[in-house]
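To start, the structure under review is shown below, and the notes come after it.
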Amino acid sequence: MKTPAIPIVAHFGEFETGTLLAGGKGASLNAMTRAGLPVPPGFVVGAEAFRRFLDVEGAEATILNLLDVCDVDDAEMLERVSRRITELILTRAMPGDLAVTVGTAYRALSPDGRPCPVAVRSSAIAEDSEAASFAGQQETYLNICDEAGVLHHIRACWASFFRPRAIFYRAKKHTLADLRIAVVIQHMVSPEKSGVMFTADPVRRRRDQMIVEATWGLGEAVVSGLVTPDNYTVRKRDGAVVTCFVPRKPVAIVRDEQHSGVYETTLDDEQAQARVLSDEELQQLAGLGRQLEAHFGKPQDVEWAIEAGRIYLLQSRPITTL
């Protein structure tokens, strides 16, 4: 049977789930969308797009040669090779036909014609696989609000695949010659609260309990170490709260409504000390967690956000430490 052509760009829910096109992140978002779960709309720029980008003027051969001669245990050489590849990617324009395809997909996210704020996130082909996880190796760019910015940050995601740490990691996994990377472009919500959920407790290794962490605004406040999030242990079967830890959270990171990017804002003392999630919200999250675990067949590490009372799922990947 002839294998169907893999599209360069595909919206969530419109392609057969698989990591060869979309990487771990993109495949997961596509699968969740197809399952009817509450995922903000978006699309994947597949790994084939990067290959076509590299076809121009022999860029792929240049990159492979640089990687081949690089001693990844030599920090200075590793840094030089990384800079050279990054410069090569960021100084090349995206081929016209590819730019048109991406632009068309981006504009489709905003039927009223207004610029759509999006997150641009890398999605490595091996990411979240059973053998190796690249989570955190590549980059995410938040609140990009125009077509030119989307095109630039796609190239920035490609370049992040060649940061020193990412090159070192792949060299040790013997996958340096594999240049496949996808990029996810996803409508960006403006959440009042966000966080992560583990559908099993990865520390105590309890599959009958879930762990939920939550903060005000965007989850980047936790990722960057600005705040310690609320931590809730909930019973998996019904979302009942077992334990609740509520530290002071003096700041939040929020989306800039006027320009691209995000910024830090100071919270008043009452909100800083308040519990982020209600019992009802925890029960709703637990219900979604049970659906995700049933759909993927294993415990999940989930990123979520709540905007105007609605829960959105931003990412889901297997818990690798159970």
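The values are calculated or read from the model by the stated rules, or taken from the named source; none is laboratory data. Just so you know, these numbers come straight off a predicted model, no measurement behind them. Here the Cβ positions follow ideal geometry from the backbone for every residue, glycine too, while neighbour counts run over all protein chains shown.
Per-structure values
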read-out: Among the candidates Ala305, Ala294, Ala274, residue that is buried (at least 16 other Cβ atoms within 10 Å of the Cβ) and either modelled with pLDDT of 95 or more or touching a Cys at 6+ places or on another chain (Cβ under 7 Å) (or both); value: Ala305
read-out: Any hit, segment 221-234, residues being of a type outside the set (D, E, K, R), part of a loop (DSSP other than H, G, I, E, B), surrounded by fewer than 17 Cβ atoms within 10 Å (Cβ to Cβ) and over 26 Å from the mean Cα position of the chain (by Cα); value: no
read-out: Residue check, Ala182 assigned by TED's automatic domain parsing to the domain that holds Gly103, within 30 Å of Ala10 (Cα to Cα) and within 20 Å of the chain's Cα centre (by Cα); value: yes
read-out: Flag if Glu257 is outside the structural domain of Leu88 (by TED's automatic domain parsing), modelled with pLDDT under 95 and among the acidic types (Asp, Glu); value: yes
read-out: Of all residues making up segment 240-291, the number that are more than 26 Å from the chain's Cα centre (by Cα) and aromatic (Phe, Trp, Tyr); value: 1
read-out: Qualifying residue in segment 98-105 (condition: within 22 Å of Pro191 (Cα to Cα) and surrounded by fewer than 12 Cβ atoms within 10 Å (Cβ to Cβ)); value: no
read-out: Flag if Arg205 is basic (Lys, Arg), on the phi < 0 side of the Ramachandran plot and not assigned by TED's automatic domain parsing to the domain that holds Pro40; value: no
read-out: Any hit, segment 34-43, residues being closer than 19 Å to Leu292 by Cβ, at pLDDT 90 or above and not in a loop (DSSP other than H, G, I, E, B); value: yes
read-out: Of all residues making up segment 171-211, the number that are in contact (Cβ under 8 Å) with a residue 24 or more places away in the chain and not in a strand (DSSP E or B); value: 20
read-out: Odd one out for Lys25 among (1) among the charged types (D, E, K, R); (2) in contact with a Lys or Arg (Cβ under 7 Å, 6 or more places away or on another chain); (3) more than 30 Å from Glu307 (Cβ to Cβ); value: (3)
read-out: Filter result for Phe296 (closer than 20 Å to Asn30 by Cα and among the aromatic types (Phe, Trp, Tyr)); value: yes
